[in-house]
1. Identify all residues within segment 47-62 that are more than 22 Å from residue 267 (Cβ to Cβ) and open to solvent by 40 Å² or more (accessible area, probe 1.4 Å); write none if there are none.
2. For segment 186-210, how many residues are modelled with pLDDT of 95 or more, open to solvent by 30 Å² or more (accessible area, probe 1.4 Å) and not in a strand (DSSP E or B)?
3. Could you identify the single residue in 29, 22, 15, 50 that is in a helix (DSSP H, G or I) and either modelled with pLDDT of 95 or more or in contact with a Phe, Trp or Tyr (Cβ under 6 Å, 6 or more places away or on another chain) (or both)?
4. Conditions: (1) among the acidic types (Asp, Glu); (2) in contact with a strand residue (DSSP E or B) (Cβ under 7 Å, 6 or more places away or on another chain); (3) surrounded by fewer than 20 Cβ atoms within 10 Å (Cβ to Cβ). Residue 226 meets all but one. Number of the miss?
5. Go through segment 18-42 and report how many residues are surrounded by 13 or more Cβ atoms within 10 Å (Cβ to Cβ) and under 27 Å from residue 253 (Cα atoms).
6. Out of the strands (runs of 3 or more DSSP E) lying entirely within segment 244-335, which hold 2 or more residues that are open to solvent by 20 Å² or more (accessible area, probe 1.4 Å)?
7. Restricting attention to segment 136-163, and to residues there that are of a type outside the set (Phe, Trp, Tyr) and under 15 Å from residue 245 (Cβ atoms), which single residue is modelled with the lowest pLDDT?
8. Of the residues that make up segment 177-196, is at least one out of contact with any helix residue (DSSP H, G or I) (no Cβ under 7 Å at 6 or more places or on another chain), at positive phi and touching a residue at least 60 places away in the same chain (Cβ under 8 Å)?
Amino acid sequence: MKVGILGNGQLGQMLETSITDLKDIEVSLYDLRAHTDEALEAFIASVDILSYETENIPAHIVTLLEPHADKLYPGLNALKTFQNRLLEKNALRNAGIATAEFRAVNSLEDVHTAVQELGLPIVMKTTTEGYDGKGQFVLRTPDDAAPAWNSIGNRELIAEAFVPFERETSVIASRDRDGNIVVFPMTENVHHEGILRYSLYPAPALSQEKAEQAERYIRQLAESLDYVGTITLELFDTEDGLVGNEVAPRVHNSGHWSIEGTEASQFRNHMLAITGKSLGATEPKFSSVAMLNVIGEETPAEKAESIDNAYRHSYGKEARPARKLGHVTVTGNTDAERDATITELNALMPEGIWPPNH
């Protein structure tokens with residue numbers, strides 16, 4: 001069986017390496033950056049199953065996928081839904097998941113209307129593309145309306161009411177062709193300047209009630225779309241419960257800890273799901289795990305290789321500011337053991353590589 005992955009970045013590469021032991025599956029990665037219609041058609045014809053590492057696939061390529069929908073996992077419905085933040089918000093609500101109040105914005109007048117109806121502050125986002133804080137503008141006063149529209153407008157936007165959250169979390173699940181679902185433990189995710197800096201398992205002080213709510217939400221979402229593969233639901237943790245923020249119809253940065261941290265990683269379970277194989281267990285192998293992103297400068301992270309319970313992953317990318325170059329996973333039999341290693345690593349890093357220990 002040959003599986004084709006649209007995209008050959010770090011996610012595609014980790015999907016490929018997650019099943020190197022399964023000799024009946026061959027994986028081929030397609031470079032979307034070097035796309036031609038003829039090359040894509042040839043690629044599609046050469047594989048039995050198609051998947052993708054990112055939902056940010058240009059519309060004309062999505063059109064080319066239409067005739068091959070029967071071998072695309074996750075399916076076209078999920079891809080199109082989560083390419084657009086308005087469709088995404090409606091899908092969350094249709095699945096019974098709470099979200100922030102939101103409005104569609106197509107003009108400066110719409111921005112003013114959103115301010116009046118949603119109050120301030122509000123977050124304005126492009127409905128398509130945009131990640132790691134790109135394509136976003138926070139309005140804190142009515143005077144921010146014009147700068148927001150001038151900055152990211154002249155295209156379809158979504159205005160979201162601000163959610164007073166205590167922290168950001170995520171839950172990841174994998175669903176196979178027969179509807180079986182396995183759910184990974186939740187993580188707390190810490191962002192800086194719109195970029196995920198690190199994820200912690202277990203999410204500190206997570207109540208059983210909220211853990212069950214997150215699992216219920218992700219199951220409802222996957223089932224509502226007849227989803228096949230790994231899916232990620234980012235959640236705001238608030239006093240009144242969990243609120244859906246964004247969805248990634250794919251493996252996700254906050255789940256990278258699962259490579260070392262769980263019996264079967266998010267990557268392996270995605271590949272098992274789309275190829276019709278039984279899903280692997282998601283039980284943690286350690287009491288405590290952290291995933292630290294390596295951003296902007298990679299050389300210092302090499303020092304993690306000399307630490308027994310730290311695992312360095314390099315993406316082989318050229319260094320530049322705010323770019324994710326790799327990640328380091330830290331494991332521990334206790335939170336204290338894990339955090340001691342994080343402190344040791346932070347002491348080796350130049351200022352600004354990783355945030356202070358949680």
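1. At the first step, the residues of segment 47-62 found to be more than 22 Å from residue 267 (Cβ to Cβ) are 58-62.
Of everything in segment 47-62, those that are more than 22 Å from residue 267 (Cβ to Cβ) and open to solvent by 40 Å² or more (accessible area, probe 1.4 Å) turn out to be 58, 59, 60.
2. First, the residues of segment 186-210 that are modelled with pLDDT of 95 or more: 186-189, 199-210.
This time we only want the ones that are open to solvent by 30 Å² or more (accessible area, probe 1.4 Å), so: 201-202, 204-210.
So of that shortlist, the ones also not in a strand (DSSP E or B) come out as 202, 204-210.
Count: 8.
3. Working: 29 fails: in a helix (DSSP H, G or I); 22 fails: in a helix (DSSP H, G or I); 50 fails: in a helix (DSSP H, G or I).
Only one candidate qualifies: 15.
4. (2)
5. Kept after step one, since they are surrounded by 13 or more Cβ atoms within 10 Å (Cβ to Cβ), are these residues of segment 18-42: 18-19, 22, 25-32, 35, 40-41.
This time we only want the ones that are under 27 Å from residue 253 (Cα atoms), so: 18-19, 22, 25-32, 35, 40.
The number of residues fulfilling the criteria is 13.
6. Working: elements: 288-295, 310-314, 324-332.
Those strands (runs of 3 or more DSSP E) span 310-314.
7. Going through segment 136-163, the residues of a type outside the set (Phe, Trp, Tyr) turn out to be 136, 138-148, 150-161, 163.
Filter once more, keeping what is under 15 Å from residue 245 (Cβ atoms): 136, 138, 158-161, 163.
Working: 136: 92, 138: 95, 158: 97, 159: 97, 160: 97, 161: 97, 163: 95.
Here the answer is 136.
8. Yes, there is a match, as at least one residue in segment 177-196 is out of contact with any helix residue (DSSP H, G or I) (no Cβ under 7 Å at 6 or more places or on another chain), at positive phi and touching a residue at least 60 places away in the same chain (Cβ under 8 Å).
The values are calculated or read from the model by the stated rules, or taken from the named source; none is laboratory data. On a predicted model such as this, the values are computed, not experimentally measured, just so you know. Neighbour counts are summed over all protein chains in view; Cβ atoms, including those assigned to glycine, are modelled from backbone coordinates with ideal geometry. Ligands, DNA and RNA are excluded from the accessible area calculation, which covers all protein heavy atoms including side chains. Shrake-Rupley method; radii C 1.70, N 1.55, O 1.52, S 1.80 Å.
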